[in-house]
Amino acid sequence: MNLWPTQSRQPIWEARTLERLQFERSLALGCAIESTTASAYVSHLNSYLNFCRLHHRAVEPTEDTLSFFVVWLSHHIEPCSVDSYLSGIVNHLETHFPHVREVRKSLLVTCTLKGCKRRLSKSIQRKQPLTLDDLALVVDALGPSKAYDDMLFVTLLVTSFKTLQRLAELCWPNAKKHQSYRKVPLRHSLTLTRNSASYVLPHHKTSTLRVGCEILLLGEPDARVDPLELLRRYVAACDNLFPHHPHLWLAATGTIPTRAWFMCYLWRFFLPTVSGHSMRGGGATALAASGIAPALIQAAGRWSSDEFQKYICKHPFLLHLLIHGSQNL
């Protein structure tokens, strides 16, 4: 068999040294998962190693060891979270034990996990979703304010609710090691029209191709809260204060707002039962109540699975009444 290339035109590329290839491969492997996920995986591995130490078992994963680990861990945390622990263990141990993925998928381990979920799972404790009335409460309080940070906070709050964005897509994580400029929306990507605004979210959690997506915000001039008017007001203030800064969301200090900064503002108006997920959950619930199809809500929120249904915090019968009740009046 002739494995030499045929007579075809090929670009002239230089060969790289083995050291350079190893270096580039290390960078690629480091980017395979998010930094926040990598940190969680380290914690998951430590839990497994602690289990092996306490029970005098070898670290090499076997069906017995992983199934016993599932039982042990399910008595300490919510069994539905054990899935992610197993993913972290597989991620770290696969290099040393190539068979670990097959062990994870074995019938004994999967059935043990399924049984623990049925036997030990508790009802989902969701954070309280925000409502349109909650948004109006904050807008009434901060809307007239001329303070720059007040304008930023209320714009982030309403934008997150209306576009179903995660708080991590609007603010930086508190830990500096997880802060990445490649996830930050840029000012030049913002396009304002008479009835809408759009900007590019360069990266989001479910994006594997790192192409980002376009965020669209529609004006609601007749509503109690008009998200487009709030955004226009913030952008005018930001352009005046930071005319040459490339980032879209900036605090008065000229830095990207952090989660801690946002939560400090949020808890001035709401109890700790409201969290960073409350805008996303509230926005999804509001869309469902207005009759938007579940598939469109999933696409708008960039959910890769039907997990988004956990965010819709109303009983299906109540949603039916909200959508169709006016027809019976």
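The values are calculated or read from the model by the stated rules, or taken from the named source; none is laboratory data. Owing to the predicted nature of the structure, the values given are computational and were not obtained by experimental measurement. Note that each Cβ is placed from the backbone with ideal geometry, even for glycine, and that neighbours are counted across all protein chains shown.
The figures follow:
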| read-out | value |
| --- | --- |
| Any hit, region 15-35, residues being closer than 25 Å to S123 by Cα and not aromatic (F, W, Y) | no |
| Breaking point among (1) in contact with a Leu (Cβ under 8 Å, 6 or more places away or on another chain); (2) farther than 18 Å from I215 by Cα, for W267 | (1) |
| Residue in region 37-56 that is surrounded by fewer than 15 Cβ atoms within 10 Å (Cβ to Cβ), more than 30 Å from A168 (Cα to Cα) and in contact with a helix residue (DSSP H, G or I) (Cβ under 9 Å, 6 or more places away or on another chain) present | yes |
| Count of region 234-247 residues which are part of a helix (DSSP H, G or I) and either touching a strand residue (DSSP E or B) at 6+ places or on another chain (Cβ under 9 Å) or surrounded by 15 or more Cβ atoms within 10 Å (Cβ to Cβ) (or both) | 4 |
| Residues that are of a type outside the set (V, I, T), loosely packed, with under 13 Cβ neighbours inside 10 Å and modelled with pLDDT under 90, drawn from region 194-213 | L209, R210 |
| All positions within region 114-171 that are acidic (D, E) and either surrounded by 13 or more Cβ atoms within 10 Å (Cβ to Cβ) or in contact with a His (Cβ under 8 Å, 6 or more places away or on another chain) (or both) | D134, D149, D150, E169 |
| T191, sole failed condition from (1) surrounded by fewer than 14 Cβ atoms within 10 Å (Cβ to Cβ); (2) at pLDDT 85 or above; (3) farther than 22 Å from G282 by Cβ; (4) out of contact with any Ser or Thr (no Cβ under 7 Å at 6 or more places or on another chain) | (4) |
| Which numbered condition V274 misses (of (1) modelled with pLDDT under 90; (2) within 24 Å of S198 (Cβ to Cβ); (3) of a type outside the set (S, T, N, Q); (4) surrounded by 14 or more Cβ atoms within 10 Å (Cβ to Cβ)) | (2) |
| Hits in region 144-161 (condition: outside any helix (DSSP H, G or I) and of a type outside the set (G, A, S)) | P144, K146 |
| Matching residues in region 57-67 - criterion: being part of a helix (DSSP H, G or I) and surrounded by fewer than 17 Cβ atoms within 10 Å (Cβ to Cβ) | E63, D64 |
| One residue from L152, L216 being on the phi < 0 side of the Ramachandran plot and modelled with pLDDT of 95 or more | L152 |
| Residue within region 261-275 that is in contact (Cβ under 8 Å) with a residue 12 or more places away in the chain, within 23 Å of P202 (Cα to Cα) and not in a loop (DSSP other than H, G, I, E, B) present | yes |
| Residues (touching a residue at least 40 places away in the same chain (Cβ under 8 Å) and over 10 Å from F269 (Cβ atoms)) located in region 136-146 | A136, V139, G143 |
| Filtered residues of region 186-200 (kept if in contact (Cβ under 8 Å) with a residue 60 or more places away in the chain and touching a helix residue (DSSP H, G or I) at 6+ places or on another chain (Cβ under 8 Å)) | R187 |
| Given (1) surrounded by 10 or more Cβ atoms within 10 Å (Cβ to Cβ); (2) assigned to a helix (DSSP H, G or I); (3) not hydrophobic (A, V, I, L, M, F, W, C), number of the condition E19 does not satisfy | (1) |
| Residue that is modelled with the lowest pLDDT, among those in region 65-94 that are within 28 Å of the chain's Cα centre (by Cα) and of a type in the set (S, T, Y) | S81 |
